[in-house]
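The values are calculated or read from the model by the stated rules, or taken from the named source; none is laboratory data. What you see is a predicted model, and the numbers here were worked out from it, not measured in a lab. Using ideal geometry, Cβ is built from the backbone for each residue, glycine included, and neighbour counts are taken over all protein chains shown.
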Amino acid sequence: MPRLDINDQAFELDNHPLFFYGGEVHYFRMDPSQWRDRLATVKGLGINVVSTYIPWLWHEPEPGLFDFTGHTDPRRNVVDFIALAGQLGLMVFVRPGPYVMSELRQEGLPDWLLDLHPEIIAQDSQGRPHPTRMVTYLHPTFLSFVDRWYAAVSEVLAPYFSHNGGPIILSQLDNEVGMLHWVTMMPDQRPDIQKQYQEFLANTAGSAPYGHSDYLQRGVFWREYRAQYLAHLSGQSQRHGWPSPYIINVHGFRDYSIYSRGNDYPIGLSQLFEARHVPGAFLGGDFYPGRVGYDNFHDLALAVTYTAATNAPDAPLFSPEFQSGRFQDRPHIDPSDLDLAARVSVSYGLNGLNWYMLAGGDNPGDIGLFGPRHEWQAPIASDGTLRPSSQVVAHLGALFGTYGSTLAQTKPVTDIHIGFYSAYYLTENPGNSEQAAILQEIVSERDNWHFDGIYRILIAANLTAEAVAVDKKESVLDPERIPVLWMATCRYMDARTQERLSAYVQDGGTLIIGPRVPEWDLAGRPCRILADTLSLPKTTAWAQRGLATILDVSSVFCANYGTLAESATTEVLGRITRGESQGAIITRQSVDAGQVVVMGCALPDLYQYYHDVVRQLAQAIGCRLGLTLSNASLHATRREGPSGGFLFLHNLVETEQSTTVSLAGNAWHDALEWDVTVPPRSGLMLPYNRVALGHTSIHVMQTDAEITLDAQSLVIHRGVHAGHSKLYTQLASQIALASGQATIEYANRHVTIQWQEDGHAQPIILQFGRNDSTVQDSSVVADILAEGSR
C-alpha cells in the first residue's frame, strides 16, 4: 500500500510526487447509510484524500467506555468509514485530537474529563478557571488520559495504517494549539506553570534570544512549552505506529465582516515557532480568507510563504483546513472565493490543500456547540446535493489530477526575498505588559506599513516574494541564494538579528530596510548594531503628509516619512519635495561587498501607482523581473521546475481583464508571450515548456486556456475570445477534434489548436484518434498512454 513521504516542500507517494487534494467529511455527522454515496461523490470531484476528525467526546462518552465500531451508535463506526474510503480508492487523513474544535462542545474533549478532573483546567492569575475551560497541556493527569485515548484509537485503526495495507497516510497532532489562549488574551497562569517558567529562566540565563524583559521571555517560554506538548503527542503517535509525517495546524485568520484577514496569521506561526523541531512533524496553515478580493488576496500569498519560512526546509506546503464555506450562512462564500483562494495559494507554492468542510451534516446527540446543524455552506450539502461551489472543486480536481505530479516538482520563481521577523508577532498576550507602548507601536506598524504596506505592494505589483525567517536560529542569509532582501522594520529589533542582517550586507547582499531603522532592542534598550555597523544615515526628522520624487516619479504621496541625513557616500533615490520636512527619504550606499537601501517612507497600499514606483525601485536596486504584464490589474506569478512551468493569472475584480504577458527566457526555456483574457473573478493555470498531460506522451508547449485530461480525451476550457494551444507528441497526427469549434495544424511532432472569438465558451475536446475521424482508435490510445509511462 502507498507510503507518504516528504521531499523538497512536497509530498511523495511511493517515491512519486503527489499533489495532496483532500476534503473534510465527518462520518459522525451523517448516517452510515449515506457514507458510500458521499465518498463516491467526493471521489468524483477529483479528491484523492478524505479527511476527518475523530472526536474524543463522541467515542468515549463515559470514562473507559470506548466505541469505534458502532455498537452504541452506528455513527461511531469510524472503522467501517475508513475501510469504505479505502475500498473506493481514497486515501485517508485522520485527526484524533485530543482537541478538535469543529464547533463541538468543550472543543471535542469529553465533559466527564473536565468534571471529574478539574485540576487539569487552566487558571488565570487569581486562580480562577480559564473562561474556555482550557486544559493545562502538560498536566500529568491530562497527558495520562491523552495517552490512553491515543492507545485506544490506535488499537482499532492499526490495520488501516498505510504500512499495514490500509488507506491512512497522514495524521494530525492536536488542533490549533495555543489558539484559545490567544483569542481570550489569557495565558495559563497556574502556580505550576509559574514554577516551570522560573525553571526555564534559570536554564536559559544569558541566552534570551529577544532580550531579558519578562514579556519577551514568557513568549519564548510558551513557544517551547507548546513544542514540548506537541513532541509528547508525536512520541505517542510513533509509539503506536501512526503513519508519519504528522501535521501541526496553524490558526490565525480572523473575521472582519465580509472579509476575513490573514494579517494575524503570523501570530499563530509565532506561537508555534519552535514546533518545527517536533520529530516527524511539520506546520500547515488553516486558511479562511472569507470573501477573496483584490484587497486581501495578498494575505494568502504571505501566509503560504511565511509558513514555508517557519517550517523545516523540506516540509511540504500544505493547508489542512482550506476554506470551502463558513459555519454560519453569513457572510456568504461564493464559488469564485474558493477558486481564487486556491489558485493564489497554489501559485505561491502550496502543494496540498484540504477543503474544510467538503460535505455538510448534522451533530448527533448533544455534542454540537451550536445545536444539531452543521451545514457549513459546504460544496456537498447535508442532503447530498451539490452546491455550485462543487463545480470549482471538480475543475480544480481535474487540473491537479492532470498536472499534480509535475506541479509538485515546481517552485515559485522568486523575484525578491522578504524578511519574516517572527518577533514582531510575539504579541498574543500583551495584557498590562511593561512593554505595552512598544508592542502597540510594533503592532500598528507591522499591520499597516509592513503586511498591508510594502509587502502587499510587492505582491500586487507582480513581484513574487519568498519569505526568509530572519530570526530562526538555523536560517542562513546567504547572498548567493538571497541576492536582495527587503526587510520591513520598526524601531525595535533584537541584537542577534541586527548582527545577522549586518553580516548579510557585508558578505555581499543587498538589504532594503525601513521605514524605521532599528535603534532599540525589543525591550526598549538602545541597540544600534545595524545602524552603526553599516553606517546608516540618521533620521533627522519624522513627519506626515509629504510629496516625494522617487527615481523619476514625481508627486508620490507619503503619509509618514523620515528625512535622512545625506553624505558623500549615499545616493539619493527618493526625496520629499513638498511637506513638513524636506530632504532625502530613500538612500543607497555600498558597504563592503554589499549595499543597503534605507527606505524611510511608509507606503500603506493607498494608490495603484505605488505598484509601478516599487517595481521600478526593485529593478533599480538589482532585482531581475522576468514577468511583465501590460495590464497591472491582473495578478500573475509562475512556478517552474525540470519538467516544465505553470503561469498563474488571477483576476480578482468584477470586470473582464485582458493582458499581454511577457516571460523572459532563462535556463529552462526561451522567452514566451501570451495574449490572454481572464473573466471576472477567476483565474488560469497555464502549463508551458513541455508539461506532460497526465501520464500520456502529450506535452503542453504553451496554451492560452486551461487543458485537462478526461479519460482518453483532452479538454481545452476555452473562453469566448480567440486563442491557441501548442502541444508536442511523437504521435501528433493521431490527435483529432471531437467537439467544439477549432482548427488543427500538424507540423512534425507539434499540434497547434486555434479557435476564434465566439459568444459561447464551449470546450474543445480532442481525442486520441485519427486526424480524419472523431472515432477513437484504441490501439493508438494505447500507444500514446504507453509511451507516456516509459
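Some points to look at:
- Screening Arg190, Arg223 for residues that are in contact with a Phe, Trp or Tyr (Cβ under 7 Å, 6 or more places away or on another chain) and buried (at least 17 other Cβ atoms within 10 Å of the Cβ) leaves exactly one candidate, Arg223.
- Single unsatisfied condition, Trp355 versus (1) farther than 26 Å from Asp37 by Cα; (2) over 10 Å from the mean Cα position of the chain (by Cα); (3) crowded, with 24+ Cβ neighbours inside 10 Å: (1)
Conditions (1) basic (Lys, Arg); (2) surrounded by fewer than 24 Cβ atoms within 10 Å (Cβ to Cβ); (3) touching a residue at least 24 places away in the same chain (Cβ under 8 Å), marked per residue:
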site: Arg261; (1), (2), (3): yes, yes, yes
site: Pro266; (1), (2), (3): no, no, yes
site: Gly280; (1), (2), (3): no, yes, yes
site: Gly285; (1), (2), (3): no, no, yes
site: Leu300; (1), (2), (3): no, no, yes
site: Asp314; (1), (2), (3): no, yes, yes
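- Residue under evaluation Ile416, criteria (1) within 21 Å of Leu463 (Cβ to Cβ); (2) within 17 Å of the chain's Cα centre (by Cα), criterion not met: (2)
- Residue tally, condition assigned to a strand (DSSP E or B) and acidic (Asp, Glu), over the stretch 465-485: 1
- Unmet requirement for His450, which otherwise passes all of (1) out of contact with any strand residue (DSSP E or B) (no Cβ under 7 Å at 6 or more places or on another chain); (2) of a type outside the set (Val, Ile, Thr); (3) not assigned by TED's automatic domain parsing to the domain that holds Ser125: (1)
- For the stretch 1-114, no helices (runs of 4 or more DSSP H) sit wholly inside it while including 1 or more residues that are not assigned by TED's automatic domain parsing to the domain that holds Gly349.
- Out of Thr696, Thr655, sole residue that is of a type in the set (Ser, Thr, Tyr), exposed (fewer than 14 other Cβ atoms within 10 Å of the Cβ) and in the same structural domain as His750 (by TED's automatic domain parsing): Thr655
- Looking only at the stretch 267-298, and only at residues there that are of a type outside the set (Gly, Ala, Ser) and within 16 Å of Leu353 (Cα to Cα), the one that is farthest from the chain's Cα centre (by Cα): Phe282
- Test: Tyr160 is farther than 30 Å from Phe253 by Cβ, in contact (Cβ under 8 Å) with a residue 60 or more places away in the chain and out of contact with any Phe, Trp or Tyr (no Cβ under 8 Å at 6 or more places or on another chain): yes
- Single residue of the stretch 466-484 satisfying the filter (within 10 Å of His417 (Cα to Cα) and touching a residue at least 60 places away in the same chain (Cβ under 8 Å)) that is surrounded by the most Cβ atoms within 10 Å (Cβ to Cβ): Val468
- Entirely in the stretch 266-366, the strands (runs of 3 or more DSSP E) that have 1 or more residues that are of a type in the set (Ser, Thr, Tyr): 319-323, 352-356
- Of the strands (runs of 3 or more DSSP E) lying entirely inside the stretch 630-718, the ones with 1 or more residues being of a type in the set (Ser, Thr, Tyr) are found at 635-641, 657-663, 672-678, 682-688, 699-703, 706-710, 713-717.
- Matching option when the condition is touching a strand residue (DSSP E or B) at 6+ places or on another chain (Cβ under 9 Å) and within 14 Å of Ile454 (Cα to Cα), among Gly600, Gly622: Gly600
- Any hit, the stretch 229-249, residues being within 20 Å of the chain's Cα centre (by Cα) and aliphatic (A, V, I, L, M): yes
- In the stretch 241-265, the qualifying residues are those that are of a type in the set (S, T, N, Q) and in a loop (DSSP other than H, G, I, E, B), and the one that is farthest from Pro320 (Cα to Cα) is Ser257.
- Tally of residues being without any contact (Cβ under 8 Å) to a residue 12 or more places away in the chain and within 19 Å of Phe253 (Cβ to Cβ) across the stretch 444-462: 0
- Within the stretch 367-376, the set of residues being within 18 Å of Ile54 (Cα to Cα) and surrounded by fewer than 18 Cβ atoms within 10 Å (Cβ to Cβ) comprises Gly368, Leu369, Pro372.
- Note on the stretch 60-100: residues that are under 28 Å from Phe20 (Cα atoms) and of a type outside the set (S, T, N, Q) total 25.
Okay, residues lined up against (1) of a type outside the set (Gly, Ala, Ser); (2) modelled with pLDDT of 95 or more; (3) surrounded by fewer than 22 Cβ atoms within 10 Å (Cβ to Cβ):
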position	(1), (2), (3)
Ala378	no, yes, no
Gly384	no, yes, yes
Gln391	yes, yes, yes
Thr402	yes, yes, no
Gln409	yes, yes, yes
Gly419	no, yes, no
Pro430	yes, no, yes
Glu434	yes, no, yes
Phe451	yes, yes, no
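Condition check ((1) outside the structural domain of Phe161 (by TED's automatic domain parsing); (2) more than 18 Å from Tyr99 (Cβ to Cβ); (3) small (Gly, Ala, Ser)) across all residues:
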residue	(1), (2), (3)
Tyr210	no, yes, no
Leu230	no, no, no
Ser234	no, no, yes
Ser260	no, yes, yes
